[in-house]
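Engineer: My questions all concern the structure below.
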Amino acid sequence: ASLDRIRRDIDAKGDMKVSLNIRIQAARIMGANKIEDRDAVLKLISDKEPRLRLAGVQSLSKIGFGKQKQKIMSLLADEKDRVTFYTNWQVMRRLLSEKEIKSNLSSKQAGLRYMSALALMEENKFQLDDALTLAADKDARNSKLATFWMSRKRIGRTSITVKVTERNFKDKSTV
């Protein structure tokens with residue numbers, strides 16, 4: 001397949017002669033052959049069809065972000081399809097340095113903060129200070145994730161020992 005044909009197939013949105021499957025395959029061919037056409041990738045990850053967005057992200061994992069990292073990350077952060085979202089943060093985890101991912105914890109985009117937290121958790125690089133900041137996040141999904149992480153790490157819990165006598169707490173008890 002020629003590069004022009006691949007680009008034409010990717011751009012064939014609404015063309016009845018080019019099926020969705022052909023567009024998906026064109027995106028995959030682009031990634032498999034490491035064709036660095038990030039404009040085509042941007043079109044794919046902006047598409048309304050989640051399978052095309054997924055194919056675009058999979059291609060992106062092969063060619064990297066290039067100079068359009070911020071624009072691409074911004075698009076990836078707002079993903080609603082769960083499979084594509086999972087792939088998005090896995091690709092981010094693989095392509096960005098730990099420092100870059102940590103810096104995204106303070107992004108204006110809630111989705112990017114969420115993806116960054118997941119990526120850091122996956123690598124066991126998420127720290128207590130990250131969790132405390134994210135627990136106060138305005139976005140409920142982020143604060144729940146941080147709170148859940150802290151509960152799994154048993155942060156914020158204390159052990160209490162209660163000593164009681166046999167008389168059903170009628171006598172003095174010690175805590």
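The values are calculated or read from the model by the stated rules, or taken from the named source; none is laboratory data. The structure presented is a predicted model; accordingly, all values stated were derived computationally and were not measured. FYI the Cβ positions are ideal-geometry reconstructions off the backbone, even for glycines, and counts take in every protein chain you see. These area figures cover heavy atoms from the full protein model, side chains too; ligands, DNA and RNA do not enter into them. Shrake-Rupley method; radii C 1.70, N 1.55, O 1.52, S 1.80 Å.
Engineer: Just give me the residues in the stretch 128-142 being over 18 Å from the mean Cα position of the chain (by Cα) and free of Cβ contacts under 8 Å to residues at least 24 places away in the same chain, in sequence order.
Structural biologist: Asp129, Leu132, Ala136
Engineer: In the stretch 127-158, how many are surrounded by fewer than 12 Cβ atoms within 10 Å (Cβ to Cβ) and within 22 Å of Ser74 (Cβ to Cβ)?
Structural biologist: 2
Engineer: Please verify whether Met150 is over 28 Å from Ser59 (Cβ atoms), modelled with pLDDT under 95 and not in a loop (DSSP other than H, G, I, E, B), treating the condition exactly as stated.
Structural biologist: Yes, satisfied.
Engineer: Further question on the same structure: Kindly check whether there is at least one residue in the stretch 164-172 that is at pLDDT below 95, open to solvent by 50 Å² or more (accessible area, probe 1.4 Å) and touching a helix residue (DSSP H, G or I) at 6+ places or on another chain (Cβ under 9 Å).
Structural biologist: For the stretch 164-172, residues at pLDDT below 95, open to solvent by 50 Å² or more (accessible area, probe 1.4 Å) and touching a helix residue (DSSP H, G or I) at 6+ places or on another chain (Cβ under 9 Å): absent.
Engineer: May I pose another question? Considering each of Glu79, Glu98 in turn, give the residue that is of a type in the set (Asp, Glu) and either modelled with pLDDT of 95 or more or touching an Asp or Glu at 6+ places or on another chain (Cβ under 6 Å) (or both).
Structural biologist: None of the others qualify; the one that does is Glu98.
Engineer: Looking at Leu105, Leu112, which one is in contact with a helix residue (DSSP H, G or I) (Cβ under 8 Å, 6 or more places away or on another chain) and within 15 Å of Gln90 (Cβ to Cβ)?
Structural biologist: Leu112
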